[in-house]
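Report on one structure; see the data block that follows.
The values are calculated or read from the model by the stated rules, or taken from the named source; none is laboratory data. These numbers come from a predicted model, not from an experiment. Because the Cβ atoms are built from the backbone with ideal geometry, glycine has one as well, and the counts that use them run over all protein chains shown. These accessible areas exclude ligands, DNA and RNA; they are computed on the full protein's heavy atoms, side chains included. Shrake-Rupley method; radii C 1.70, N 1.55, O 1.52, S 1.80 Å.
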Amino acid sequence: LGQTGKQYLHLADYDTALEYLKCSLKIRQEIGDKSGEGTTLNNISQIYDARGDYDTALDYLKRSLKIRQEIGDKSGEGTTLNNISQIFKARGDYDTALDYLKRSLKIQQEIGDKSGEGTTLNNISQIYDARGDYDTALEYLKRSLKIRQEIGDRSGLCATLFNMGHIHLQNEDVQNAVMSWVTAYRIAKAINLAQVLQALESLAGQLGLEGGLDGWEQLSRQIEENEGGEES
């Protein structure tokens, strides 16, 4: 039930997702499955987050956090702290968001959760980006990129590269911005990552790149040809 709920959450069918997740939660509470309860509460929060109902999302996250701390689920605690930070970020409370992210990062580094660490470093960068501190944002993105390359987290790489492109553009470094986005396009295309491909399609219009994803494809091929020419 929990997995089915998650699938509907990824498909943005929030009503159906909530139905499955609430059924899952009821069973887990009945049988005293604390670990599963913490996970399900966390996942339910993401539905309310996606809907912009931050108060309800935060309520579910705090319940999830309490359980995860009680049972010593460090990995789950790191994830929930990260998700709580995103609520405060959405509200524009960057100081509180950063506090939760740093707590999440500390746990992830302690337990060797590389995937979580890559995500949290990426999310920390977005706080500095929002504050206009692009140098610090870029430092966190570089650390995130390194980890995600090491563990082969391709979807995570796409997110980090996409964000790096925006920082490079803010710094008027157009060449590195385009290279970041083209690399993100190549990876997203290879794994058919719809969310990133949609974001790149939208970005193409903003940049005046004709043809949406076709524009990125042409640019990718041009860069490949140029690189090949330089080598010979």
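Quick look at the values:
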read-out: Given (1) open to solvent by 60 Å² or more (accessible area, probe 1.4 Å); (2) touching a Phe, Trp or Tyr at 6+ places or on another chain (Cβ under 9 Å), index of the condition residue 22 fails; value: (2)
read-out: Residues located in region 116-165, provided they are open to solvent by less than 30 Å² (accessible area, probe 1.4 Å), closer than 18 Å to residue 106 by Cα and β-branched (Val, Ile, Thr); value: 120, 124, 127, 147
read-out: Residue list for region 166-191, filter: β-branched (Val, Ile, Thr) and surrounded by 15 or more Cβ atoms within 10 Å (Cβ to Cβ); value: 167, 178, 182, 183, 187
read-out: Total residues in region 90-102, condition in a helix (DSSP H, G or I), open to solvent by 60 Å² or more (accessible area, probe 1.4 Å) and in contact (Cβ under 8 Å) with a residue 24 or more places away in the chain; value: 1
read-out: Set 17, 12: member being among the small types (Gly, Ala, Ser) and at positive phi; value: 12
read-out: Matching residues in region 25-37 - criterion: being under 24 Å from the mean Cα position of the chain (by Cα) and open to solvent by 70 Å² or more (accessible area, probe 1.4 Å); value: none
read-out: Residue match in region 28-41 (condition: farther than 22 Å from residue 84 by Cα and not in a helix (DSSP H, G or I)); value: yes
read-out: Residue that is free of Cβ contacts under 8 Å to residues at least 60 places away in the same chain and either part of a loop (DSSP other than H, G, I, E, B) or closer than 22 Å to residue 76 by Cα (or both), where the choices are 105, 141, 169; value: 105
read-out: So residue 75, is it part of a helix (DSSP H, G or I), open to solvent by 50 Å² or more (accessible area, probe 1.4 Å) and over 23 Å from residue 193 (Cβ atoms); value: yes
read-out: Residue within region 122-140 that is more than 29 Å from residue 225 (Cβ to Cβ) and in contact with an Asp or Glu (Cβ under 7 Å, 6 or more places away or on another chain) present; value: yes
read-out: Pairs with Cβ under 7 Å, 6+ apart, first in region 68-87 and among the acidic types (Asp, Glu), second part of a helix (DSSP H, G or I) and open to solvent by 10 Å² or more (accessible area, probe 1.4 Å); value: 73/35; 77/65; 77/68; 77/69; 77/107
read-out: Given (1) more than 28 Å from residue 94 (Cβ to Cβ); (2) open to solvent by 40 Å² or more (accessible area, probe 1.4 Å); (3) modelled with pLDDT of 95 or more, number of the condition residue 194 does not satisfy; value: (3)
read-out: Qualifying residue in region 199-206 (condition: outside any helix (DSSP H, G or I), of a type in the set (Gly, Ala, Ser) and farther than 23 Å from residue 97 by Cα); value: no
